[in-house]
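See structure below.
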Amino acid sequence: MKRIRKAVLPVAGLGTRFLPATRAMPKEMLTVVDRPVIQHVVDEARAAGIEHVVFVTGRNKNVIEDHFDRQFELEATLRDRGKMKELGLLESETPGAGATSFTRQQAPLGLGHAVWCARDIIGDEPFALLLPDMLHLGAKPFLADMMEAYSRTGGNLIGVYPVDESETNQYGIVDIGGSSDKVAEIRRMVEKPPRGTAPSNLAISGRYILQPTIFNLLETQERGAGGEIQLTDSMLTLAKSEPFHAVRFDGAVYDTGSKLGFLAANVAYALSRDDIAPDFKAIVKAHLG
Ligand code: G1P
């Protein structure tokens, strides 16, 4: 079984739901506590053993490339001032030379198209796909959990979590035949089912492990829900010839692509930090009156 070494992070979205904040700044750079959303996701990938991160970007996203580069002036200043803790943090969180790639999606044709844009950089290897809007807060980085499951199942895996029945029309939904196992075979999946037609309440959480055969299908995939080239549609075809398992996430998922999800993530991540939680709790309590 081939090891998963590379991860794809699609970051070409316009961020219209966060205007005016995203007029000049990519939505992925909005901060949850003290780090950009994208950094939380890269940290998760690296903690799971990912060695190379492929960013599928678009216009006005250059600052993401700068964020993951070394900054000699800043490093020198921190060293001069004896700020070794901050320096250590910068160094440990910056991917090494040659461990990142950036390619552009060029046109907003959907998630399936964004993933397809990474085909040459990924090559003939299975890979992880992480949608940066979705933050997973749990005891362990979720992708690490999925890697562990992959070592037993092989094939393709999709991270899932339960959502309210009223929200199933906003996500990809999978059917695992009512199984309560953490890792279960997928029977069916559907992208954003109309209200009342979802086969379950298990939503695709934005974490995947995929075989490179997906690229051949994406190449000719016709437009689906919302007029976009949907990854879920190609996965449905792939599921006819390759195994697909769902891995359930036990922690909390925050959809930072929505204002409320973003605010909730800030509250939850602040409360999960030993250095901030005590004072922050008092502030929240005072605001609630
Ligand atoms: C995408 C996927 C969907 C998944 C969701 C998670 O949709 O197509 O299956 O549930 O991400 O955020 P999007 O949010 O890009 O519309």
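Restricting things to Cα coordinates, could you compute the convex hull volume per residue of the range 167-264 in Å³?
On the way: hull volume 11.6 nm³, N = 98.
Per residue, the Cα convex hull of the range 167-264 comes to 118 Å³.
Contour minus end-to-end for residue 99 and residue 51, with contour as 0.36 nm per residue of separation and end-to-end as the Cα-Cα distance?
16.6 nm
Pull up all non-local amide H partners of residue 172: gap of 5 or more, or a different chain, and H-to-H distance under 5 Å with H placed in the peptide plane.
Distant-sequence amide H within range of residue 172: 192, 204.
Got a sec? Charge dipole of the range 161-289, +1 on Cβ for Lys and Arg, -1 for Asp and Glu; which of 286, 239, 186 is way out at the positive end?
Value: 286.
Summing +1 for each Lys or Arg and -1 for each Asp or Glu, what net charge is found among the other residues whose Cβ lies under 10 Å from the Cβ of residue 269?
Taking every other residue near residue 269 into account, the sum is +1.
Taking just the alpha carbons, could you work out the radius of gyration and Dmax for the range 1-92, both in angstroms?
Rg and Dmax of the range 1-92, Cα atoms, are 15.2, 48 Å.
What's the FRET efficiency of residue 274 with residue 21 using the Cβ-Cβ distance as r and R₀ = 25 Å, to the nearest 0.05?
With R0 = 25 Å, the Cβ-Cβ based efficiency is 0.30.
At 222 nm, what helix-only mean residue ellipticity would the chain give, in deg cm²/dmol to the nearest 500, using -39500 (n - 2.57) for each DSSP H run of four or more?
-9500 deg cm²/dmol
Quick one: what Rg and Dmax do you get for the range 68-133 from the alpha carbons, in Å?
Taking only Cα atoms of the range 68-133, I get Rg and Dmax of 17.0, 48 Å.
Ignoring ligands, DNA and RNA, what percent of the 1.4 Å accessible area of the chain is carbon and sulfur?
Accessible surface attributable to carbon and sulfur in the chain totals 51 percent.
Pairs 6/140; 61/259; 2/192; 2/27; 2/182: which are spaced more than 28 Å apart, C-alpha to C-alpha?
Pairs exceeding 28 Å: 2/192; 2/27.
Size of the dipole of the chain about the Cα centre, Lys and Arg at +1 and Asp and Glu at -1 on the beta carbon, nothing else charged, in debye to 20?
Dipole magnitude for the chain comes out near 240 debye.
Considering only 276, 50, 204, give the residue with the highest GNM mean-square fluctuation for the chain, with springs between Cα atoms whenever their separation is below 10 Å.
276
Would you mind counting up the charge near residue 110? Only other residues with Cβ under 13 Å from its Cβ, with Lys and Arg at +1 and Asp and Glu at -1.
Net of charged neighbours comes to -2.
Going by the alpha-carbon gyration tensor, a ≥ b ≥ c the square roots of its eigenvalues, is the range 20-69 rounded (a/c under 1.5) or, if a/c is not under 1.5, prolate (a/b greater than b/c) versus oblate?
Oblate, because a/c is 1.5 or more while a/b does not exceed b/c.
Rounded if a/c is under 1.5, else prolate if a/b is larger than b/c, else oblate: which is the range 38-91, with a ≥ b ≥ c the root eigenvalues of its Cα gyration tensor?
Details: a/c = 3.22, a/b = 1.52, b/c = 2.12.
The shape class here is oblate.
For the chain, report the accessible area per residue in Å² (1.4 Å probe, heavy atoms, rounded to an integer).
51 Å²
Please say if the chain is rounded, prolate or oblate, where rounded means a/c under 1.5 for a ≥ b ≥ c the square roots of the C-alpha gyration tensor eigenvalues, and otherwise the choice is prolate for a/b larger than b/c and oblate otherwise?
The shape class here is prolate.
Could you give the length gained on full extension between residue 288 and residue 267, defined as 0.36 nm per residue of separation minus the Cα-Cα distance, in nm? Let's see the in-between values first.
Numbers: separation 21, 0.36 × 21 = 7.56 nm, distance 1.33 nm.
Taking residue 288 through residue 267 to full extension adds about 6.2 nm, to one decimal.
Relative contact order for the chain: what is it in percent, counting Cα pairs under 8 Å that are at least 6 residues apart? Please list the in-between numbers first.
Numbers: 492 pairs, mean separation 63.6, N = 289.
Worked out over the chain, it gives 22 percent.
Grab the alpha carbons of the range 230-289, take their convex hull, and tell me the volume per residue in Å³.
Cα-based convex hull of the range 230-289, divided per residue, equals 121 Å³.
Residues with beta-carbon under 14 Å from that of residue 87, excluding residue 87: net charge, scoring Lys, Arg +1 and Asp, Glu -1? Working shown, then result.
On the way: positive: 70, 79, 81, 83, 85; negative: 73, 75, 80, 86, 91, 93.
That works out to -1.
Provide the percentage of antiparallel DSSP beta bridges, counting only those with both residues in the range 1-150; round to the nearest 5.
Within the range 1-150, antiparallel bridges account for around 15 percent of the total.
Quick one: dipole size for the range 77-119, taken about the Cα centre, charges +1 on Lys/Arg Cβ and -1 on Asp/Glu Cβ, in debye to the nearest 20.
60 debye
Using the Karplus curve 6.51 cos²θ - 1.76 cosθ + 1.60 with θ = phi - 60°, what ³J(HN,Hα) values do you get for each residue of the range 100-116, in whole Hz, with x for Gly and Pro?
9, 9, 10, 9, 9, 7, 6, 9, x, 9, x, 4, x, 5, 4, 5, 4
What are the ³J(HN,Hα) values, in whole Hz, obtained from phi via the Karplus relation 6.51 cos²θ - 1.76 cosθ + 1.60 with θ = phi - 60°, for each residue of the range 224-241 in sequence order, with x given for Gly and Pro?
x, 3, x, x, 10, 6, 9, 4, 4, 5, 5, 5, 4, 5, 4, 5, 6, 10
Which percent, nearest 5, of DSSP beta bridges in the chain are antiparallel?
60 percent
Taking the Cα atoms of the range 18-150, report the difference between the largest and smallest coordinate on each principal axis, in whole Å and largest first.
47, 39, 28
The values are calculated or read from the model by the stated rules, or taken from the named source; none is laboratory data. As the structure is a prediction and not an experimental result, all values here were calculated from the model. All Cβ positions, even for glycine, are placed from backbone atoms using ideal geometry, and neighbour counts span all protein chains on display. In case anyone asks, the SASA skips ligands and DNA or RNA and just uses the protein heavy atoms, side chains included. Shrake-Rupley method; radii C 1.70, N 1.55, O 1.52, S 1.80 Å.
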